[in-house]
Amino acid sequence: MPQPFVPPVVFGVLNVTPDSFSDGGRYLDPSAAVGHGRALVEAGADVVDVGGESTRPGAAPVAPEEELRRVLPVVEGLVAGGVRVSIDTRRAEVADAAVRAGAAIVNDVDGGRDPALLRVAAESGADLVLMHSRGPAARSGDYADVLHDVAGDLRGRVDAAVAAGVPRDRLVVDPGIGFSKTAEENWRLLAHLEDLGLDDLRLLVGVSRKRFLGELVAGPAEDRDGVTGVLTALLAERGVWGVRVHAPAASRAAIDVVRRMREAA
């Protein structure tokens, strides 16, 4: 018998930054950010992923104090309203403050390279997302075999997190689509996610509005929500645990299409 369809968890992106590639500067005011976070939930997000430092290429690093100033009131406001929150950070002190304020997930774009962040995850009980990245010095196309290399890197980060005391069942892996990878490498990863060999771990995939989709849709990043929805449907069909998107309504509708097709079959 076919396996029952389990819809992916939808992470709604909330950038509390002046310089993010898609929506930088729109939600710097905490009240505006909290309002947008609630709107993301109303549009279909299960989790709101709050980030205070842009990860776009060339973005300037943010001091931990400034990152905390940006994100902490937003995390507190959303949690107070019953919203499930993920904190998108690579810094242990920001992760620690956010989980103390009620964030349930730490989403680390550095893949747990900081042992202190791993300790925060181990001691707090929060889930930990380990995203694949080779850091700001990495260049696109520097992979001998992108599938083999990404899988090996992620296994190493998972092993480090488990050694630090994070239970394996609280780990999520993210292949880092768009992070120091060519368009061809991004597409190859998306086409062969099952070949990463990490099937025992939950898989979160973020493709929303990313630059490599610009080869399909010209214009501003917001115009890529349609192709993001198509990819969401394909990822849902293949059983990924979660998707990270800017426009939850389109992706929720795409997931519902997959569900109805499964039910009809």
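The values are calculated or read from the model by the stated rules, or taken from the named source; none is laboratory data. For clarity, every value in this text was computed on a predicted model and none was experimentally measured. Cβ: placed from backbone, ideal geometry, glycine included. Neighbour counts: every protein chain shown.
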Worksheet entry | Residues that are part of a strand (DSSP E or B) and polar (S, T, N, Q), drawn from region 78-92 | S86
Worksheet item: Can you find even one residue in region 70-77 that is touching a strand residue (DSSP E or B) at 6+ places or on another chain (Cβ under 6 Å), β-branched (V, I, T) and surrounded by fewer than 20 Cβ atoms within 10 Å (Cβ to Cβ)?
Response: no
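Condition check ((1) hydroxyl-bearing (S, T, Y); (2) touching a residue at least 60 places away in the same chain (Cβ under 8 Å); (3) over 20 Å from G178 (Cβ atoms)) across all residues:
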residue: E53; (1), (2), (3): no, no, no
residue: P64; (1), (2), (3): no, no, yes
residue: A80; (1), (2), (3): no, no, yes
residue: D110; (1), (2), (3): no, no, no
residue: R113; (1), (2), (3): no, no, no
residue: V129; (1), (2), (3): no, yes, no
residue: G156; (1), (2), (3): no, no, yes
residue: D159; (1), (2), (3): no, no, yes
Worksheet item: Only one residue in V162, V150 is assigned to a helix (DSSP H, G or I), among the β-branched types (V, I, T) and touching a His at 6+ places or on another chain (Cβ under 6 Å), so which one is that?
Response: V150
Item to complete: Please find, among R202, R209, R157, R238, the residue that is within 27 Å of R259 (Cβ to Cβ) and touching a strand residue (DSSP E or B) at 6+ places or on another chain (Cβ under 8 Å).
Response: R202
Response to the item:
Checking G206, G242, G229 in turn, the sole residue that is at pLDDT 95 or above, in contact with a Pro (Cβ under 6 Å, 6 or more places away or on another chain) and of a type outside the set (A, V, I, L, M) turns out to be G242
Discussion item. If a residue must be charged (D, E, K, R), surrounded by fewer than 18 Cβ atoms within 10 Å (Cβ to Cβ) and touching a residue at least 12 places away in the same chain (Cβ under 8 Å), how many such residues does region 223-255 contain?
Written reply: 2
Worksheet item: Of A60, A45, which residue is among the aliphatic types (A, V, I, L, M), touching a residue at least 12 places away in the same chain (Cβ under 8 Å) and either in contact with a Gly (Cβ under 9 Å, 6 or more places away or on another chain) or not in a loop (DSSP other than H, G, I, E, B) (or both)?
Response: A45
Discussion item. Being buried (at least 23 other Cβ atoms within 10 Å of the Cβ) and aliphatic (A, V, I, L, M) is the filter here; which residues of region 167-176 pass it?
Written reply: V173
Worksheet item: Under the condition of being outside any helix (DSSP H, G or I) and of a type in the set (V, I, T), which residue from region 101-121 is surrounded by the fewest Cβ atoms within 10 Å (Cβ to Cβ)?
Response: V109
Worksheet item: Out of S86, S180, which single residue is surrounded by fewer than 23 Cβ atoms within 10 Å (Cβ to Cβ) and of a type in the set (S, T, Y)?
Response: S180
Discussion item. If I ask for residues that are over 18 Å from the mean Cα position of the chain (by Cα) and free of Cβ contacts under 8 Å to residues at least 24 places away in the same chain, which ones from region 161-196 would you list?
Written reply: V162, A163, P167, E184, A191
